[in-house]
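The values are calculated or read from the model by the stated rules, or taken from the named source; none is laboratory data. Owing to the predicted nature of the structure, the values given are computational and were not obtained by experimental measurement. Here Cβ is always computed from backbone atoms with ideal geometry, including for glycine, and neighbour counts include all displayed protein chains. Keep in mind that these areas ignore ligands, DNA and RNA; they rest on the heavy atoms of the full protein, side chains included. Shrake-Rupley method; radii C 1.70, N 1.55, O 1.52, S 1.80 Å.
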Amino acid sequence: MSKAAELRDALARFCSARLGRSVRIGDLPVRLSGGASRETWSFHLDDGRAFVLRRDPPGAPAQRQLSNEVDVLRRAAGAGVPVPRVVWTDDAGELGSPGFVMEHIEGETIARKILRDDEYAAARGHMAAQCGEILARIHTMDARGLAPPERKPTELVLDQYAGLLDSLGEPHPAFELALRWLGQRLPPSERVTVVHGDFRLGNFIVGPDGVRAILDWEIVHLGDPWEDLAWLCMRSWRFGGPGDVGGFGAREDLYDAYEQTSGVPVDRDAVHWWEIMSNVKWGVMTIVQAFTHLMGQRHSMEHAAIGRRTVETEYDVLRLIS
Amino acid sequence: MQDRPTAAELLSAAREFCERELGPELTGRLRFQVRVMQNILGILEREWTGEEAAVRAEWERLRVLLGDRIQEPSSFGEAKQRVLEANRELASRIRRGEMDERWDEVVAAVFTTVAEKLAIANPAYSAPADSSTGA
């Protein structure tokens, strides 16, 4: 039986038990792309209601606690952040591995389409401001259960990525130059807030009206809020689009909306610092992803190919520090 | 020596098959994967013709930065090994702050190497139209 067919049968049992009546799953569940370590599947019941399942990859050790993502989704909703509602949790792994079921939100997640299709032209016009407002709300979220950083987030992230580079053993003079530059210009890092950690196209559900939901809270943590603004602006997440903000918008629209919602002035220098750091982070992550393929942990052409994208971030960091 | 097509020509034929025939037959995840495969084949085509000159030029830049301690390579294979070792040395010198006094020179040399790597890995990325990277 195929993976999708197995999952369909497990979902039928799971949903029937939760609903207290026998239900059938419409077609085969469809695997959606997105989510680096957690699988995402779309399915619907025979009455037409649509849902999304997030689960750890079966057979692989869980990288992060699932309950955190569920808890965070609920708290995000409480802070006024648009997120899908969590319907059921599956801590016991009845669906093959631990996961949870969310409501399905209609819309597009593929960056290329959001940035190019006429349908989203109006959305693109105000999404930068919308992102500023949403980020301001994320940065007010209840931090309960998240570990506070042991030191300044800027110092921590520098050490962490220098260490990661060493452990990978592949020399990257461009990243060393960036780390040196960053180490000599540490921003004050005064606020510690909830940070989404992967706030960018690909993790947004977008409709013609704009951003409808923020997805993929896998790496939410406590840290420096400017990290989220910078991550959204780094060039890799513009997907070839013209705007500095995610390929769709202008920085000042993002900053103005953030300031209006939060009442906190945006520290432009700190965002610049984090944009360089973000490029180093993503660059090192592309090496890690290529190595997971090379070491045989997860054979994947996509992961292999991503190793040749490291140089894009090297190019960007050198331009940003020059 | 093999007959024609050359390696680059074979790669190009495979890439064009993905682009014109295989891709349009597929949807969703598989279509995306075929696009990744096309990119891989494109990288290999460019690498086949451009990598040796790029590696030798990189070695030359590293020799200037690190001094004559690094040996002249005889073969392409040896050049790659030497470049790897020299990059390891350069990376640790930058980390220790030993290149701070030659900062601009090092940044310029590393940038040239990165631009040459990019010309093989993804030439569209450094298109002149891009001028918005800075804050």
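Tabulated data for the structure shown
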| read-out | value |
| --- | --- |
| Residue satisfying all of: in the stretch A:170-193; in a loop (DSSP other than H, G, I, E, B) and facing chain B (nearest Cβ under 10 Å); most open to solvent (accessible area, probe 1.4 Å) among these | A:Gln184 |
| Subset of the stretch A:294-304 (residues that are within 21 Å of the chain's Cα centre (by Cα) and either away from chain B (no Cβ under 11 Å) or modelled with pLDDT of 95 or more (or both)) | A:Arg298 |
| Among the residues listed as A:Glu176, A:Glu190, A:Glu170, the single one being more than 18 Å from B:Ala86 (Cα to Cα) and over 21 Å from the mean Cα position of the chain (by Cα) | A:Glu190 |
| Helices (runs of 4 or more DSSP H) wholly inside the stretch A:237-307 that include at least 2 residues being farther than 26 Å from A:Val211 by Cβ | A:268-294, A:301-306 |
| Within the stretch A:236-258, tally of residues that are in contact (Cβ under 8 Å) with a residue 24 or more places away in the chain and either open to solvent by 40 Å² or more (accessible area, probe 1.4 Å) or among the aromatic types (Phe, Trp, Tyr) (or both) | 9 |
| Residue ID - nearest to the other protein chains (Cβ to nearest Cβ), chosen from residues in the stretch A:194-216 that are within 17 Å of A:Trp282 (Cα to Cα) and of a type outside the set (D, E, K, R) | A:Gly202 |
| Residue match in the stretch A:145-165 (condition: of a type in the set (Val, Ile, Thr), more than 19 Å from the chain's Cα centre (by Cα) and modelled with pLDDT of 95 or more) | yes |
| Residue match in the stretch B:17-29 (condition: within 21 Å of the chain's Cα centre (by Cα), part of a helix (DSSP H, G or I) and loosely packed, with under 15 Cβ neighbours inside 10 Å) | no |
| Extreme residue, nearest to A:Phe291 (Cα to Cα), among residues of the stretch A:160-180 that are touching a residue at least 60 places away in the same chain (Cβ under 8 Å) and touching a Phe, Trp or Tyr at 6+ places or on another chain (Cβ under 9 Å) | A:Leu168 |
| Hey, A:Ala136 closer than 25 Å to A:Ser262 by Cα, in contact with a Ser or Thr (Cβ under 6 Å, 6 or more places away or on another chain), touching a residue at least 40 places away in the same chain (Cβ under 8 Å) and buried (at least 17 other Cβ atoms within 10 Å of the Cβ) or not | yes |
| Boolean, B:Val34 is at pLDDT 95 or above, assigned to a helix (DSSP H, G or I), over 20 Å from A:Tyr315 (Cα atoms) and open to solvent by less than 40 Å² (accessible area, probe 1.4 Å) | yes |
| Matching residues in the stretch B:62-110 - criterion: being basic (Lys, Arg) and facing another protein chain (nearest Cβ under 8 Å) | B:Arg88, B:Arg95 |
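Matching residues to (1) in a loop (DSSP other than H, G, I, E, B); (2) without any contact (Cβ under 8 Å) to a residue 60 or more places away in the chain; (3) open to solvent by less than 30 Å² (accessible area, probe 1.4 Å):
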position	(1), (2), (3)
B:Gly77	no, yes, no
B:Ala91	no, yes, yes
B:Glu98	yes, yes, no
B:Glu101	no, yes, no
B:Val106	no, yes, yes
B:Thr112	no, yes, no
B:Glu116	no, no, no
B:Ala119	no, no, no
